[in-house]
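Data block below; observations after.
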Amino acid sequence: MSLLDDPGLFGRQWSEGYDDGPNPDPGPAVDFLAELADGGRTLELAIGTGRVAIPLAARGVPVEGVEASDEMVAGLRAKPGGDRIPVVLADMADVPVTGRFDLVYLVYNTLFNLVRAERQADCLRNVARVLAPGGAFVVEAFVPDPADFDRDEQLEVRRVTEESVTLRVHRYDRAAQTFLRQTIRISNDGISVKPFGMHYRWPEQIDELAERAGLRLAERYADWDRSPFTSESRSHVSVYRRA
């Protein structure tokens, strides 16, 4: 089963140790989202292990989630407070929830994890379907830099020890705005591979998807601290509302 056809593959491959790496501090995102939610019903798509949802719920925000990987959900459930957050095990693009939400959000480039363009469109259309009147949809994503994709393939040595070597290999399709990455570990125990793919978009392309779904851009910042978004910004936090 490939990344194109199995939305839970990422979670199964990467859930072990997912919270152990140099992950961004969720505090600024929690502050931003808590203010925007204002106590209203909130949904996180691709909730993962709850790095944002759990502290947001601790602020009194009623958070629910959608997650394709039961391994990720198990990680969430193992954390204090994680067992109290309702989660639907499903593809986030389907947004298979009932009722209306005052806030729906996607953090840390997760929209791009939907590697089929039509599934990104499905996701935004389904978000618009479940948003309450006046509700907000928040997307955090990087701004693509063409210099990062100056070659069709890239090879990076990630780690070398006496027992193993870890390589990261990228294959880019710049016309399609997609890439496939394999993290390869070679050791005395054998060879393991962990695939990862993205379909990246520039902010204005996400705006176009949103408009087709009946959403309009209301605010855009360079980060969760509401820094102004400029042509030099390498990331964005965009707030959409129902048109």
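The values are calculated or read from the model by the stated rules, or taken from the named source; none is laboratory data. Keep in mind the model is a prediction, meaning the values are calculated, not measured. Neighbour counts run over all protein chains shown; Cβ positions are idealised from the backbone, glycine included. Note: accessible area is taken over every heavy atom of the protein model, side chains too, but ligands, DNA and RNA are not part of it. Shrake-Rupley method; radii C 1.70, N 1.55, O 1.52, S 1.80 Å.
Points to keep in mind about this one:
- Members of the stretch 165-220 found to be of a type in the set (Ser, Thr, Tyr) and out of contact with any Asp or Glu (no Cβ under 8 Å at 6 or more places or on another chain), listed by number: THR166, THR178, THR183, SER192, TYR200
Results for (1) open to solvent by less than 40 Å² (accessible area, probe 1.4 Å); (2) farther than 30 Å from LEU36 by Cα, shown as yes or no for each residue.
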position	(1), (2)
ALA175	no, yes
ILE186	no, yes
GLY190	yes, yes
ASP207	yes, no
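- The selection criterion, being open to solvent by 30 Å² or more (accessible area, probe 1.4 Å) and at pLDDT 95 or above, holds for GLY39.
- Residue count for the stretch 124-140 under the criterion of being assigned to a helix (DSSP H, G or I) and over 12 Å from LEU45 (Cβ atoms): the result is 3.
- Residue check for ALA74: buried (at least 24 other Cβ atoms within 10 Å of the Cβ) and out of contact with any His (no Cβ under 8 Å at 6 or more places or on another chain): no
- Test result for ARG151, farther than 20 Å from SER235 by Cβ, of a type in the set (D, E, K, R) and surrounded by 13 or more Cβ atoms within 10 Å (Cβ to Cβ): no
- Among the conditions (1) in contact with a Phe, Trp or Tyr (Cβ under 8 Å, 6 or more places away or on another chain); (2) open to solvent by 20 Å² or more (accessible area, probe 1.4 Å); (3) closer than 30 Å to LEU33 by Cα, LYS194 misses just one, which is (3).
- Criterion: out of contact with any Pro (no Cβ under 6 Å at 6 or more places or on another chain), in contact (Cβ under 8 Å) with a residue 24 or more places away in the chain and open to solvent by less than 20 Å² (accessible area, probe 1.4 Å) - qualifying residue of ALA243, ALA218, ALA136: ALA136
- Residues of the stretch 84-123 satisfying the condition of being assigned to a helix (DSSP H, G or I), under 20 Å from ARG51 (Cβ atoms), open to solvent by 40 Å² or more (accessible area, probe 1.4 Å) and at pLDDT 95 or above: ARG84
- Looking only at residues of the stretch 42-59 that are open to solvent by less than 20 Å² (accessible area, probe 1.4 Å) and assigned to a helix (DSSP H, G or I), we find that the one that is farthest from VAL88 (Cα to Cα) is LEU56.
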